[in-house]
Amino acid sequence: MTDLEGTQASSVDDAARSGFSLSALLGVGAVSALGLTWFLVSWLVLGSPLTDAIGETVGSLAAILLIVSIIGAARASDPTGRG
């Protein structure tokens, strides 16, 4: 019998395998839908050239991801644990 046969997996291993939470998946879906919508509005409705519409979309998504990152960092550093 080897050293590893009798040991149980830790809860950290189980949490790492569980994947994304439902709220994370909904957030990713919402951001993706907003990005696609903004691209289509910019390109088809406003008549921007394709490269400008792509650039606007990438810039908007970068701003959204920056905001999400700041909120996540603030929640992770909250000493009260309420975030």
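Annotations
- Per-residue HN-Hα couplings for the range 41-46 [Karplus 6.51, -1.76, 1.60; θ = phi - 60°; Hz; x = Gly/Pro]: 5, 5, 7, 8, 7, 7
- Summing Lys and Arg as +1 and Asp and Glu as -1 over all other residues whose Cβ lies under 12 Å from the Cβ of Trp43 gives a net charge of -2.
All of the numbers you see were taken from the coordinates with simple rules; none came from a lab. What you see is a predicted model; the values in this text were computed from it and never measured. Note that we place each Cβ from the backbone using ideal geometry, even for glycine, and neighbour counts take in every protein chain shown.
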